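The values are calculated or read from the model by the stated rules, or taken from the named source; none is laboratory data. Because the structure is a prediction, the values reported are computed rather than measured. So basically every Cβ, Gly included, is an ideal-geometry build from the backbone, and we count neighbours across all protein chains shown. Accessible surface areas use protein heavy atoms only, side chains included; no ligands, DNA or RNA. Shrake-Rupley method; radii C 1.70, N 1.55, O 1.52, S 1.80 Å.
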Amino acid sequence: VIYVGPVDDLAKNALLGRARALLMPILWEEPFGIVMVEAMACGTPIIGLARGSVPEIVEHSTTGFIGDAIDDLVVAVSQLHAISRAACRARMERLFSDRAIVDAYGQVYAEMLADRRQPQA
């Protein structure tokens, strides 16, 4: 399917939701790949190189595949049948949903406040 037109949030979600996978063959140290989280929110597995945040976001063989070289990614395409789209969505919800992020920030703030309340030596 070839999509021609503006890609607003609705179109992006439709494209990602219909995709068999999101290929992430990055060659740089991406600090956080929001596009991977957006794809997983649609239940779409990720196939990416072990660079930047890919290993942090993708659980190898569960929510996609992580490879060391392009050839590894090519092989991973034939293994997509082993990935559960529900597992992709569940990992995104557990680690990257708005609730998960708010809870993580709350924990950081609580720890910072607790540290400030400790008597200084």
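One table, with the values for the structure above:
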item	result
Number of positions in the range 83-106 that are open to solvent by 80 Å² or more (accessible area, probe 1.4 Å) and either aromatic (Phe, Trp, Tyr) or at positive phi (or both)	1
Residue tally, condition surrounded by 15 or more Cβ atoms within 10 Å (Cβ to Cβ) and under 15 Å from Leu95 (Cα atoms), over the range 46-67	7
Selected residue (criterion: surrounded by the fewest Cβ atoms within 10 Å (Cβ to Cβ)) from residues of the range 1-40 that are within 23 Å of Gly67 (Cβ to Cβ) and of a type in the set (Gly, Ala, Ser)	Ala19
Qualifying residue in the range 68-82 (condition: open to solvent by 20 Å² or more (accessible area, probe 1.4 Å) and in contact with a helix residue (DSSP H, G or I) (Cβ under 9 Å, 6 or more places away or on another chain))	no
Listing of helices (runs of 4 or more DSSP H) fully contained in the range 19-121 that carry 2 or more residues being modelled with pLDDT of 95 or more and more than 16 Å from the chain's Cα centre (by Cα)	70-77, 98-117
